[in-house]
Amino acid sequence: MNTPKLLFYLILFVMAGCAESKEKEEVVIYSYVEEPHSYAKPNNAFVNHLNLEIAVDFENEIITGKAIYDIVNNNSTQIILDSKNLTIESVMADGKETEFSLGANDKILGQPLTITIKKDTKKIEIIYKTTKDSEALQWLKPKQTADKTKPFLFTQGQAILTRTWIPIQDSPQIRLTYEATVQVPKGLMAVMSAENPKEKTEDGLYHFRMKQAIPAYLIALAVGDLSYKAISERTGVYAEKSMLNKAFDEFSDMEKMVSAAENLYGDYVWEQFDVIVLPPSFPFGGMENPRLTFATPTVIAGDKSLTSLIAHELAHSWSGNLVTNTTWNDFWINEGFTVYFEMRIMEALYGNERADMLALISRQDLDDELEYLKDTPNATKLKLNLKGKNPDDGMNSIAYDKGYLFLRTLEETVGRNKFDAFLKQYFKEHAFSTMTTEKFVTYLNTNLLEKNKMTFNTDQWVNQPGVPKNQAVITSDKFKNVEEILQEFIVNNEFDKEITKDWTPQEWVHFIRNLPATMTVEQMKTLDDLLNLTNSSNSYIQMVWYEQAINHDYHGRNVDAKIEDFLTSVGRRWYVETIFKAFKRNDRLEDALKIYEKSRPNYHSVTVMTIDDLLAFKPEEEVIK
Ligand code: BES
Ligand code: ZN
C-alpha cells in the first residue's frame, strides 16, 4: 500500500473514532497532485478495485457489460470517473439505481461521468458499452492477423485511452486492483495484464485477477487465436500459431533478462513476465502491461537483434509500473529510467560492446529530436507542460533519450556502485507509488548528492531545454569502425562487403543513418546492388534504409513498392512516422498521401492521430445517403 493510501485509511480510522465531528472535518485525504488529464477528484472518492464483466462482440465491434467498483469514500455525495466515447446505460450505487451525468465533451479528455452516491456508498456498478470511436480498441479482421483465419482485438491504454473502453478514474496516481470475466467467441483466447490462462477454454469464458494495484493505463486486454509457450517457469510467449515458435526462439533469453534485472535493482514483484506478439498494426514497439508485455511482431528479426525492446518493457516493471510518473508531465520518470535500466540489462547479458552501440543510437536519436524540435525548445525539457494538449502528442523521445543521458551522466559523476545502490533504494521506497520530477530531485539531493557532498546541475537537466555541457560522452569502437568504412566508401566509391560480414543490425543502422546528404543516387544504387538493403528482413534496417532512399531520391530495386508494402502492413508508429516525415521533408507529400489513404485503415487510432496531424490529412466526410 502506498503512503497516500495508508494516510487515508489512518485518517478514516481516526475519524471513525470521533463520529460526531465527522461531518465538519475537512481533511485532505489523498495527496493528489492536480493534473490536467483526468476529471477524477480522488480527495472526495476513489476507486480501489474494479470487477469487469464484459463480452467481446466481434460482429458489432463493441464491448458490452458491467463494471463494478469498490470505492473509498470520504463522505462525498458524488464520485467522478473519466469516460470517452462510451455509452453509459445505467448506474447503481450500493445495489440501487442512482443518478449520473456526463459533462461537456472535451476532444482530448472526453467527459466527466459524475455519479450521485451516499456518504457511505462502497460499491457502484455501471452498465455500459464501447462505441466505434473507442480509441483504445483496435478490431482486426482475419486478414490483418498472422494466421489470417480469426479476428483479433487488442487495447492500448497509455496514456489516456483506458477511459475509452472502461469508465474509470484514468490518472496514473490512482491505483486499483482488478478482476474480470470476459466472454469471447469460442475458439479464441483472451489475455489481460493479469493472471492469464495458458490454454483456450471450451466456452470462450475467461476469468482474470490482478492482485497488485496498478494505474488505469496499465489495464489491457487482447483477444485472438492465441497459444502459449513457456520459456521458464515465470516467462513465456503468447502468439498466433504461425508466430509462436519464432517468438519463443527470439525471446529465449527472457528468463536471463529477468534475473539480470533483479540482480540490478531488486525482486521482480509481478510473478509472471510474459510477452504477447500482436499483429503488425500494433502501434508501439512494446507496451509494458504488467505480467504481459504487448509487443510488435517487427521485433522478431530471427537473430534476437532487436530484443532490447523486451529488456525495455521488462525494465518498466520497476520504472513505470512500480514507481509511476505522477502526471504525464513527468513522463521521463517512466521512460528515462527505463531506457537507463534497459541499457544495463543489455550490458549484463551481452556485454559492453552491444550496450555502447545502443547507447550511441539513443544519443543520435536525441540529436535528431533536438533538431526536429529546434523551434519549440520547451518541448526539449524533461519536465513537460502538457496542459491542454493530448499527452500522446506532447510525449516525444526527449523523455527517453535525454532522460537516459541525464541518468547516465549522474552515474558517471557519482560512480556506478553508489548510483546502483541509490536506484535500488529508490525503487524499493517508492514501490506502488508515484513520482513527480520535483520529488525525484529532492530525493536525489538527499540520498545521493548531499550524502556524497556533491553538487550537480540537476535543475538545468530537468527544467531547461537542450542538453547541458556536462553530458556523459558516449563512444563505441564498433561504430567508429563503421564510420571509417563509410568514409572510405564515400571517398573511393568502393565497398568491400567482406569486412561487414559480422556486422550486427545495429552497425548497419548506424551505417545507413549516417550516409551523408551529399551521397549520390549512383552510390545508393551501388550499396543496394551489393547489399540488397531494400529487401532486408530486419524491420529496423528497413526503416532507416527507406528513410534514406527518400532523402536521396533513390528509386532502384523497386524500393517505392517496398516502402508502400512496409507502410501498409506495419502500424508501429515510430517506423511509420519516420518514413512519412521523410516524405514530407523531401516535398513528396502527394506520394505520402497516396500511400496513407491505403494504409490508414490498417492503423490503430494513435498512429492515425499522429499521421493525420503530420500530413494534415482530413478524412473525407462520410456521405449521407
Ligand atoms: N510505454 C511505452 C509506449 C508508450 C509510450 C505508449 C507513450 C503510449 C504512450 C513503451 O514502453 C515504449 O517506450 N515503447 C517503445 C520501445 C522502446 C524500446 C523504446 C516503442 O514503442 O517504440
Ligand atoms: Zn517505455
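Checking E429 against (1) under 29 Å from the mean Cα position of the chain (by Cα); (2) open to solvent by less than 40 Å² (accessible area, probe 1.4 Å); (3) free of Cβ contacts under 8 Å to residues at least 24 places away in the same chain, only one condition comes out false. Which one?
Checking E429 against (1) under 29 Å from the mean Cα position of the chain (by Cα); (2) open to solvent by less than 40 Å² (accessible area, probe 1.4 Å); (3) free of Cβ contacts under 8 Å to residues at least 24 places away in the same chain, the one that fails is (2).
Touching a residue at least 40 places away in the same chain (Cβ under 8 Å) and away from ligand 1 (no atom under 16 Å from the Cβ): which single residue out of G236, G302 fits that description? Steps first, answer last, please.
On the way: G236 fails: touching a residue at least 40 places away in the same chain (Cβ under 8 Å).
One residue alone meets the criteria, G302.
Of (1) over 27 Å from the mean Cα position of the chain (by Cα); (2) open to solvent by 10 Å² or more (accessible area, probe 1.4 Å), T436 satisfies all except one. Which?
Here T436 meets the rest and fails (1).
Counting just the residues of the stretch 143-159 that are open to solvent by 10 Å² or more (accessible area, probe 1.4 Å) and in a loop (DSSP other than H, G, I, E, B), which one comes out farthest from ligand 1 (Cβ to nearest atom)? Working first, answer last.
Kept after step one, since they are open to solvent by 10 Å² or more (accessible area, probe 1.4 Å), are these residues of the stretch 143-159: 143-144, 146-151, 158.
Still in the list and also in a loop (DSSP other than H, G, I, E, B): 146-151, 158.
Values: A146: 19, D147: 24, K148: 25, T149: 27, K150: 25, P151: 23, Q158: 4 Å.
Among them, the one singled out is T149.
Which of (1) open to solvent by 20 Å² or more (accessible area, probe 1.4 Å); (2) more than 16 Å from ligand 2 (Cβ to nearest atom) is the odd one out, the single condition T607 does not satisfy?
Only one criterion in (1) open to solvent by 20 Å² or more (accessible area, probe 1.4 Å); (2) more than 16 Å from ligand 2 (Cβ to nearest atom) is unmet by T607, namely (1).
Working only within the stretch 80-103, note down all residues that are touching a Leu at 6+ places or on another chain (Cβ under 9 Å) and either under 14 Å from A45 (Cα atoms) or open to solvent by less than 40 Å² (accessible area, probe 1.4 Å) (or both). Talk me through it step by step, then tell me what you get.
Within the stretch 80-103, the subset touching a Leu at 6+ places or on another chain (Cβ under 9 Å) is 80-84, 86, 88, 91, 100-103.
Within the stretch 80-103, I80, L81, D82, S83, K84, L86, I88, V91, G103 meet the criteria.
If a residue counts only when it is in contact with a Gly (Cβ under 8 Å, 6 or more places away or on another chain) and within 11 Å of ligand 2 (Cβ to nearest atom), which helices (runs of 4 or more DSSP H) contained entirely in the stretch 256-372 have at least 2 such residues?
Numbers: elements: 308-315, 331-350, 352-372.
Fully inside the stretch 256-372 and qualifying: 308-315, 331-350.
Checking the structure you have, find out if any residue of the stretch 261-283 is open to solvent by 10 Å² or more (accessible area, probe 1.4 Å), within 14 Å of ligand 1 (Cβ to nearest atom), among the hydrophobic types (A, V, I, L, M, F, W, C) and on the phi < 0 side of the Ramachandran plot. Reasoning before the result, please.
Looking only at the stretch 261-283, we keep the residues that are open to solvent by 10 Å² or more (accessible area, probe 1.4 Å), and these are 262-264, 266-269, 271-272, 280.
Next cut, within 14 Å of ligand 1 (Cβ to nearest atom) only: 280.
Keeping just the survivors that are among the hydrophobic types (A, V, I, L, M, F, W, C) gives none.
Checked against the condition, which is being open to solvent by 10 Å² or more (accessible area, probe 1.4 Å), within 14 Å of ligand 1 (Cβ to nearest atom), among the hydrophobic types (A, V, I, L, M, F, W, C) and on the phi < 0 side of the Ramachandran plot, the stretch 261-283 yields no hits at all.
Whether any residue in the stretch 460-473 is in a helix (DSSP H, G or I) and of a type in the set (K, R) is what I want to check. Reasoning before the result, please.
Residues of the stretch 460-473 that are in a helix (DSSP H, G or I), as a first pass: 460-463.
Right, trim to of a type in the set (K, R) and you get none.
There is no residue in the stretch 460-473 that is in a helix (DSSP H, G or I) and of a type in the set (K, R).
Could you tell me which numbered condition P197 fails, if it satisfies all but one of (1) open to solvent by 10 Å² or more (accessible area, probe 1.4 Å); (2) in contact with a Leu (Cβ under 6 Å, 6 or more places away or on another chain); (3) part of a loop (DSSP other than H, G, I, E, B)?
With respect to (1) open to solvent by 10 Å² or more (accessible area, probe 1.4 Å); (2) in contact with a Leu (Cβ under 6 Å, 6 or more places away or on another chain); (3) part of a loop (DSSP other than H, G, I, E, B), P197 is out only on (2).
Criterion first (buried (at least 17 other Cβ atoms within 10 Å of the Cβ), more than 24 Å from the chain's Cα centre (by Cα) and of a type in the set (K, R)) does K594 satisfy it? Don't jump to the end; show me each part of the working.
Numbers: buried (at least 17 other Cβ atoms within 10 Å of the Cβ): no; more than 24 Å from the chain's Cα centre (by Cα): yes; of a type in the set (K, R): yes.
No; evaluated as a whole, the condition is false for this residue.
When you check M243 against the structure, is it touching a residue at least 60 places away in the same chain (Cβ under 8 Å), assigned to a helix (DSSP H, G or I), touching a helix residue (DSSP H, G or I) at 6+ places or on another chain (Cβ under 7 Å) and within 16 Å of ligand 2 (Cβ to nearest atom), yes or no? Quick ask: steps written out before the conclusion?
Numbers: touching a residue at least 60 places away in the same chain (Cβ under 8 Å): yes; assigned to a helix (DSSP H, G or I): yes; touching a helix residue (DSSP H, G or I) at 6+ places or on another chain (Cβ under 7 Å): yes; within 16 Å of ligand 2 (Cβ to nearest atom): no.
No.
Test Q156 against the stated conditions and say whether it is closer than 13 Å to A222 by Cα and either within 18 Å of the chain's Cα centre (by Cα) or free of Cβ contacts under 8 Å to residues at least 40 places away in the same chain (or both).
Details: closer than 13 Å to A222 by Cα: yes; either within 18 Å of the chain's Cα centre (by Cα) or free of Cβ contacts under 8 Å to residues at least 40 places away in the same chain (or both): yes.
Judged against the criteria, Q156 is a match.
Kindly establish whether D392 is open to solvent by 60 Å² or more (accessible area, probe 1.4 Å), farther than 23 Å from A261 by Cβ and not polar (S, T, N, Q).
Considered against the rule, which asks whether it is open to solvent by 60 Å² or more (accessible area, probe 1.4 Å), farther than 23 Å from A261 by Cβ and not polar (S, T, N, Q), D392 comes out as no.
Out of curiosity, is Y39 assigned to a loop (DSSP other than H, G, I, E, B), in contact (Cβ under 8 Å) with a residue 24 or more places away in the chain, out of contact with any helix residue (DSSP H, G or I) (no Cβ under 6 Å at 6 or more places or on another chain) and of a type in the set (F, W, Y)?
Numbers: assigned to a loop (DSSP other than H, G, I, E, B): yes; in contact (Cβ under 8 Å) with a residue 24 or more places away in the chain: yes; out of contact with any helix residue (DSSP H, G or I) (no Cβ under 6 Å at 6 or more places or on another chain): yes; of a type in the set (F, W, Y): yes.
The answer is yes for Y39.
How about the stretch 284-309: which of its residues are open to solvent by 10 Å² or more (accessible area, probe 1.4 Å) and β-branched (V, I, T)?
Residues satisfying the conditions are T298, I300.
Would you check if K107 is out of contact with any Leu (no Cβ under 6 Å at 6 or more places or on another chain), basic (K, R) and more than 21 Å from I214 (Cβ to Cβ)? Break it down stepwise before answering.
Values: out of contact with any Leu (no Cβ under 6 Å at 6 or more places or on another chain): yes; basic (K, R): yes; more than 21 Å from I214 (Cβ to Cβ): yes.
When the stated conditions are applied, K107 passes them.
Every residue in the stretch 160-180 that is away from ligand 1 (no atom under 16 Å from the Cβ) and either open to solvent by 40 Å² or more (accessible area, probe 1.4 Å) or of a type outside the set (S, T, N, Q) (or both), please. Write out each step before concluding.
Step one: list which residues in the stretch 160-180 are away from ligand 1 (no atom under 16 Å from the Cβ), which gives 166-169, 173-180.
If the condition is that a residue be away from ligand 1 (no atom under 16 Å from the Cβ) and either open to solvent by 40 Å² or more (accessible area, probe 1.4 Å) or of a type outside the set (S, T, N, Q) (or both), then I166, P167, I168, I174, R175, L176, Y178, E179, A180 are the ones that fit.
Please specify each residue of the stretch 540-558 satisfying the condition of being open to solvent by less than 10 Å² (accessible area, probe 1.4 Å) and under 21 Å from N602 (Cα atoms).
Hits for the stretch 540-558 are M543, Y546.
Has the stretch 373-395 got any residue that is farther than 30 Å from D502 by Cβ, part of a helix (DSSP H, G or I) and among the charged types (D, E, K, R)?
The initial filter retains those residues of the stretch 373-395 that are farther than 30 Å from D502 by Cβ, namely 373-395.
Okay, now just the ones that are also part of a helix (DSSP H, G or I), so 377-380, 391-394.
Next, from what is left, pick out any that are among the charged types (D, E, K, R): 392-393.
Scanning the stretch 373-395 turns up at least one residue that is farther than 30 Å from D502 by Cβ, part of a helix (DSSP H, G or I) and among the charged types (D, E, K, R).
Table: residues versus (1) more than 14 Å from ligand 1 (Cβ to nearest atom); (2) surrounded by fewer than 23 Cβ atoms within 10 Å (Cβ to Cβ); (3) touching a residue at least 40 places away in the same chain (Cβ under 8 Å); (4) more than 29 Å from R163 (Cα to Cα).
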{"site": "I333", "(1), (2), (3), (4)": "no, no, yes, no"}
{"site": "F341", "(1), (2), (3), (4)": "no, no, yes, yes"}
{"site": "E347", "(1), (2), (3), (4)": "yes, yes, no, yes"}
{"site": "D356", "(1), (2), (3), (4)": "yes, yes, yes, yes"}
{"site": "D365", "(1), (2), (3), (4)": "no, yes, no, yes"}
{"site": "G388", "(1), (2), (3), (4)": "yes, yes, yes, no"}
{"site": "G403", "(1), (2), (3), (4)": "no, no, yes, no"}
{"site": "T409", "(1), (2), (3), (4)": "yes, yes, yes, yes"}
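Does N481 count as surrounded by 11 or more Cβ atoms within 10 Å (Cβ to Cβ), under 36 Å from the mean Cα position of the chain (by Cα) and assigned to a helix (DSSP H, G or I)? Write out each step before concluding.
On the way: surrounded by 11 or more Cβ atoms within 10 Å (Cβ to Cβ): yes; under 36 Å from the mean Cα position of the chain (by Cα): yes; assigned to a helix (DSSP H, G or I): yes.
Yes, satisfied.
Table: residues versus (1) modelled with pLDDT of 95 or more; (2) more than 18 Å from T64 (Cβ to Cβ); (3) touching a strand residue (DSSP E or B) at 6+ places or on another chain (Cβ under 7 Å).
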residue: D147; (1), (2), (3): yes, yes, yes
residue: P151; (1), (2), (3): yes, no, yes
residue: T162; (1), (2), (3): yes, no, yes
residue: I166; (1), (2), (3): yes, no, yes
residue: L176; (1), (2), (3): yes, yes, yes
residue: M189; (1), (2), (3): yes, yes, yes
residue: K198; (1), (2), (3): yes, yes, yes
residue: E202; (1), (2), (3): yes, yes, no
residue: Y206; (1), (2), (3): yes, no, yes
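In this structure, does N325 turn out to be crowded, with 23+ Cβ neighbours inside 10 Å and either touching a residue at least 60 places away in the same chain (Cβ under 8 Å) or away from ligand 1 (no atom under 14 Å from the Cβ) (or both)?
On the way: crowded, with 23+ Cβ neighbours inside 10 Å: yes; either touching a residue at least 60 places away in the same chain (Cβ under 8 Å) or away from ligand 1 (no atom under 14 Å from the Cβ) (or both): yes.
Against the criterion (crowded, with 23+ Cβ neighbours inside 10 Å and either touching a residue at least 60 places away in the same chain (Cβ under 8 Å) or away from ligand 1 (no atom under 14 Å from the Cβ) (or both)), N325 qualifies.
Please identify the pairs in which a residue from the stretch 201-212 that is open to solvent by 90 Å² or more (accessible area, probe 1.4 Å) has its Cβ atom under 6 Å from the Cβ atom of a residue that is among the hydroxyl-bearing types (S, T, Y), counting only partners at least 6 apart or on another chain.
H207/T181; K211/T177
The values are calculated or read from the model by the stated rules, or taken from the named source; none is laboratory data. Since this is a predicted model, take the numbers as computed values, not measurements. Heads up, the Cβs are rebuilt from the backbone with ideal geometry, glycines too, and the neighbour counts pull from every protein chain shown. The area values use the complete protein model at the heavy-atom level, side chains included, leaving out ligands, DNA and RNA. Shrake-Rupley method; radii C 1.70, N 1.55, O 1.52, S 1.80 Å.
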